[in-house]
Each structure stands twice: as C-alpha cells, then as structure tokens.
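**Student:** Let me begin by handing over the structure; questions about it come next.
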Amino acid sequence: MSERFYLTTAIDYSNGEPHIGHAFEKIGADAIARYRRLRGDRVRFVIGMDEHGQNVVQAAERAGVEPVAWVDRLATTFQQAWRHLAISYDDFIRTTQPRHRRTVEALLRRIQAQGYISPGTYAGYYCVGCEAFKLDKDLEDGRCPLHPTRDLEDGRCPLHPTRQIKWLEEPNYFFALGRFRDVLLRHYDEHPDFVQPASKLHELRNVVAGWSDDYRLSISRARVPWGIPWPDDPAHTVYVWFDALINYLSATGYPDPSYREWWPANLHIIGPDIVRFHAAIWPAMLLAAGLDLPRQVWCHGWINWGGARFSKSAGVAVTLDEAISRHGPDALRYFLLREIPWNADGDFAWERFDARYQADLANGYGNLASRVLAMTTRYLDATVPDAAESTALDRAGDEIIAEYRQMMDRHLLHEGARLAWTLVDRANAFVEETAPWNLAKQQQTEPLRSALAALCRALARISLLASPYLPQKTEAVWAALGFPTPLSQATWADLDRPAMAGRRVRQLTPLFPKLKTGSVSS
C-alpha cells in the first residue's frame, strides 16, 4: 500500500561553497528518497539554503557584495552541484523566500499567543561561528569546540578571524524551553526510535534532563538587520536558528490547511552538531504551537580525513568538484554511501575511493553489465529468451533482496549497498560457473538460454537495488535491457521477478572504464 513519505535534510548555510560534507548528507537523503519511491511511496524530498544571520553578512562583506546578491549566487551554485550529483529533490526552500517568512510569522504568533514567548535581556557567551549562544559547559577552555581557537589568545580562530566567542548583553525575546523538559523526556521514552542512532538519543536525553523549569532560550537578535523582522517589533530579527528550523514546515505550505498533506515529516536527516536543535528545540517549538512532531530525526556521522573531521577549517584541501571529477558523480555517490556508515563516522581516502571504483564498479557491476549484454547479443540475437525457471542465481537474489529491504527500511544505506554488491558478486560467479561461451560452442541451447535469462533477470534486479546509489548508470543499463519505461518508474514487481522474456537488449560502452596500472591513488 502506498504511503506518503516526507523527508528533509538540514538546509545548508550560505557562508561558503558546497563541500563533501554537504554532498554526503544530500546523497544519503536522495538514496532514501529513491528507495521509498521504488517501494511505491508518495515522496516529498526537501532541501534548501539557510540564508540569514551574521555570518552571511560577513561573508558578503568579504566578497564586496550585498547579502542578497551573495545568497542568490550561492543558491545557484548549490543547486548546480546537486543537479550534477542527481539529487532528486522535490523542493528547494530558501529562508529569504516570502513563503518562509509567512510561515515563520504565523508560527511565532501562534507560540506567542500560547504564552511561551516573553521579552527580556540576554547576557552570555555567543559563538559567531555557530551563531549560537553557549553555556559554560558547552565551552572548552573558554572556546567553542566546533570552532577551536587554540593558536591565539584573543579568542579568534586563525583561519576564520571573524569567528570568536564573545560576551553579549542585549534585549531579546525568549522562548520558555524548560517548560517542555518533561514532555520531551516522556516522548523519548515512548518513542525510542525518535532519534537515531540510539547513542545520540542517550546524549540528548542527558542534555534535556538538565534543563531547569525556568530555562529560557533567546530567539531574537537586536541590531542584526539581515533576517526576518520580529512580528510587530522591527527592532528585532528572528534568531537565525529559530528561523531556519521552521523551513521544514514552510515547505508544506503552513499555515494553509493543505500543510497537513505532508506534515508531520517522516524523517529529518541532520549532522552530529545540530542534534539538540532538531530533536529538542524544534520539537518544543512544535509542542508550543500544538503541532505534531516529526516521526524521526536521523543523525549521520562525520566524514574524516586522516582521522580528523573533514572540514575546511581543519585544512583539508579536497574540493567537491575534485572528488566528482575523479571517477564521476555516480562513483562518488556509491563510494560515500558504501564506505561511510550512515549511522557512524567514516574515513575518506583517495586510495579507498580508487580501490572501490576498480573492484566494485569497473570489475563488478560494470563488467557484469558488459558481459551479460554482449553474450545475449552474440548468442541469442540480442533477445532475452523465454526461460523463466528458477535458478540458483534467482534464489540467491530472492534472499539478498529480502535482507536489502530490511536494511533500507532502517536507513542503513551502507548495508543496502553491501547487499546489492553481494548479488553483483554472485552474478559474476554464476557467469563463470555456467560459462555461456562454452554452452554456445557446444550448442547446448536450453542451458544457454536458461543461464542468460537468469543473468538478464539478475542484472535488472541489481540495477534496481543499485539505483539509489548509481541513478545515472543504472538508468543506462535498464534502458539497454529493453525496458520501455524509465527505471525511476519501476516497481517492486520488477524487482521480485523482472519480466524479461522477449526484450531486445543492446550493448553499452563501458560504464566504468578500468583504471590504468599505476593510475590508482595520488
């Protein structure tokens, strides 16, 4: 039965170019969206840009342009990158859009009407890099752990001189966050899968349990003109994080009644540094407004380079364009989702990328596709035979597909990739076991027809399993197998037992050209 499935990623901050960390999150979310469509679900997949805040103003000043010109350029740059990586989003929301401002104003008024917002004066530490207020316990030696500044004594980061911890005192509006402590803790207990992986929920629970009843969160800024004006008080702008979180609701059309078609979200996909915002503050905001909570918040891990978090501030010079151009966009998608666990941290290394490309893509899936299509063309006049009896390869596929579904339903993308390529290996082994070239030479017509029919079915099934990872290459194989409709319109029926008999196939140029000896790694 078809279900509606609404998933989002964190919206990217408009202070720099897209990088591999951004891409990892979008690629993983896209794989989930494509898998859910394969299941037959109605999917709404939303990504976008967070375009307000002090960091954006500073980035625009450094570039010598106005903030609006800066965010317009970056939004175009990010969208171009996602098109190159075949990210199949349904909506690209920007926090500078009128529809978002309308939703922010409506939600703020609703929360304020319930008595959860009040004016006051804030005094505390503020990290410019995070655009977030920090408690003493959030700091390490007086510095933000996400923006370390160990080299200078004045609290400035040598790579980002504008990022610093500073003491602020200013009039603000406050949200009564502490009043939602107990209901949030109860929700965590009653919905243990609300935050995944479970270790993140445990950490979050400890944070929320430490809130006092009167704990209030500053949700406005004075003297920061680049943002959404506070309703009825233009001396304030809405705090950038409070503004940004609401994008998930803006994309549904709230406050129009039609928003209920998609809300609540089924899945928010985020990085490790923003769990508290998405799984504690955002739910509290929704509770204050009387709205349903998202079903699940999924926290992927960090990509590490040489054992350290992959980031420009850590000195990593690898660009997204460089990673894509190495072996192509599909290869990068596959490598990231196969090599980096979707529920933990993982390492990026050129040597591993090259090895995966050669073994899994060039010698694995690409080689299988070339052999099956070539042998069917040569020995059977490019026509898939009517030989539907079950073979050992079909039965192996049945078992693998059942396990693949379980892993993908749980969003364990690395396990889904492993299982898809288990079938690739099994199919390549089946080629060697049956040796169709010998069967043709010996004129063993029926065994030849049975073997190649099974291999065509396996190639179709593998292409469906691999489509969340290799959307462009699998589409080419699907068409070469003679299917009249795009792979994106395939169903579980095609996966369970592909209707192949009589289809005309055609050969392809190598999907993944093999690397030349000595060209691996650098």
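The values are calculated or read from the model by the stated rules, or taken from the named source; none is laboratory data. The shown structure was predicted, so the numbers you read here are calculated from the model rather than taken from an experiment. Every residue, glycine among them, receives a Cβ derived from its backbone with ideal geometry; neighbour counts consider all protein chains shown. The area values use the complete protein model at the heavy-atom level, side chains included, leaving out ligands, DNA and RNA. Shrake-Rupley method; radii C 1.70, N 1.55, O 1.52, S 1.80 Å.
**Student:** What whole-number value in Å² describes the accessible area per residue of region 365-406 for a 1.4 Å probe?
**Tutor:** So region 365-406 comes to 43 Å² accessible per residue, rounded to a whole number.
**Student:** At most 13 other C-beta atoms within 10 Å and a DSSP loop state: those are the exposed GluC sites (Glu not before Pro) I care about. Give me the longest piece of the chain that has none. It would help to have the intermediate numbers written out before the result.
**Tutor:** Working: sites that count: E3, E153, E389.
Longest gap between qualifying sites, sites excluded: 154-388.
**Student:** Based on the alpha carbon coordinates of region 343-476, what radius of gyration and maximum Cα-Cα distance (Dmax) apply, in Å?
**Tutor:** Rg then Dmax for region 343-476, in Å: 16.0, 53.
**Student:** What does the convex hull of the Cα atoms of region 189-236 come to per residue, in Å³, rounded to a whole number?
**Tutor:** Taking only Cα atoms, region 189-236 has a hull volume of 160 Å³ per residue.
**Student:** With a Förster radius of 45 Å, plug the Cβ-Cβ distance of R295 and T485 into 1/(1 + (r/R0)^6) and report the FRET value to the nearest 0.05.
**Tutor:** 0.90
**Student:** Take every Cα-Cα distance within region 1-156, group them into 5 Å bins from 0 onward, and report for each bin the whole-number percent of pairs it holds.
**Tutor:** For region 1-156, the pair-distance distribution reads 1, 8, 12, 13, 15, 17, 15, 10, 5, 2, 1, 0, 0.
**Student:** Going by amide H atoms built from the backbone, whose H comes under 5 Å of the H on F5, apart from near neighbours?
**Tutor:** R42, V43, R44
**Student:** So, one more: What distance in nm lies between label points placed 7 Å from Cα along the C-beta direction at R42 and E399?
**Tutor:** About 3.9 nm separates the two model spin labels.
**Student:** Evaluate the distance, in nm, between pseudo-label points positioned 7 Å from the Cα of H84 and of S325 along their respective Cα→Cβ axes.
**Tutor:** My value for the distance between the label points is 0.9 nm.
**Student:** Please identify every one of the trypsin sites (Lys or Arg not before Pro) in region 186-240 that sits in a loop by DSSP and has no more than 12 other beta carbons within 10 Å of its own beta carbon.
**Tutor:** Working: sites: R186, K200, R205, R216, R221, R223; in loops: R216, R223.
For trypsin sites (Lys or Arg not before Pro) across region 186-240 that sit outside H, G, I, E and B with at most 12 neighbouring Cβ atoms in 10 Å, the list reads R223.
**Student:** Can you tell me the orientation of helix 67-84 relative to the chain, as the angle in degrees between its alpha-carbon axis and the longest Cα principal axis, to the nearest 10?
**Tutor:** It is inclined by approximately 20 degrees.
**Student:** When you take every Cα atom in region 23-88, what is the radius of gyration, and what is Dmax, the widest Cα pair distance, in Å?
**Tutor:** Rg, Dmax (Cα atoms, Å): 15.4, 48.
**Student:** How far apart, in nm, are the 7 Å Cα→Cβ label points at D214 and D91?
**Tutor:** 4.0 nm
**Student:** To continue, here is another question. Apply the Karplus parameterisation 6.51 cos²θ - 1.76 cosθ + 1.60, with θ equal to phi minus 60°, to every residue of region 289-299 and state each ³J(HN,Hα) to the nearest whole Hz, in sequence, with x for glycine and proline.
**Tutor:** 8, x, 10, 5, 8, x, 6, 7, 10, 10, 9
**Student:** Bins of 5 Å, beginning at zero and ending with the bin holding the largest distance: percent of Cα pairs per bin for region 475-520, please.
**Tutor:** Pair shares across the bins are 5, 17, 24, 18, 12, 8, 6, 7, 2.
**Student:** Here are some pairs, K134/K200; K166/K200; K441/K473; K26/K137; K26/K473; K26/K516; which of them have Cα atoms lying more than 22 Å apart in this structure?
**Tutor:** Over 22 Å Cα-Cα: K166/K200; K441/K473; K26/K137; K26/K516.
**Student:** Could you provide, to the nearest whole Å², the per residue accessible area of region 410-483 with probe 1.4 Å?
**Tutor:** 32 Å²
**Student:** Viscosity 0.890 mPa s, temperature 25 °C: what is the translational diffusion coefficient of region 432-488 from Stokes-Einstein with a Kirkwood Rh over Cα pairs, rounded to a whole number of µm²/s?
**Tutor:** Approximately 197 µm²/s, per Stokes-Einstein.
**Student:** List the residues, sorted by chain then number, that are 5 or more residues from W230 or on another chain and whose placed amide H is less than 5 Å from its amide H.
**Tutor:** Placed amide hydrogens put H236, T237, V238 under 5 Å from W230.
**Student:** Compute log10 of I(q)/I(0) for the chain with the Debye formula, placing one identical point scatterer on every Cα and leaving out solvent, at q = 0.10, 0.11, 0.12 Å⁻¹, to two decimals.
**Tutor:** For the requested q values the scattering log ratios are -0.84, -0.97, -1.11.
**Student:** Also: Report ³J(HN,Hα) in whole Hz for each residue of region 223-237, in order, from the Karplus equation J = 6.51 cos²θ - 1.76 cosθ + 1.60 where θ = phi - 60°; Gly and Pro get x.
**Tutor:** 6, 10, x, 8, x, 7, x, 5, x, 6, 8, x, 6, 10, 10
**Student:** Counting heavy atoms of the protein chains only and a 1.4 Å probe, report the per residue accessible area for region 199-278 as a whole number of Å².
**Tutor:** With all protein chains present, region 199-278 gives 38 Å² per residue.
**Student:** Name all residues of region 1-28 having a backbone nitrogen under 18 Å from the label point set 7 Å from the Cα of H187 along its Cα→Cβ direction, giving them as ranges.
**Tutor:** 6-10
**Student:** Also, I was wondering about something else. When the accessible area of the chain is computed with all protein chains present and a 1.4 Å probe, what percentage of it is carbon and sulfur?
**Tutor:** Carbon with sulfur: 49 percent of the solvent-accessible area.
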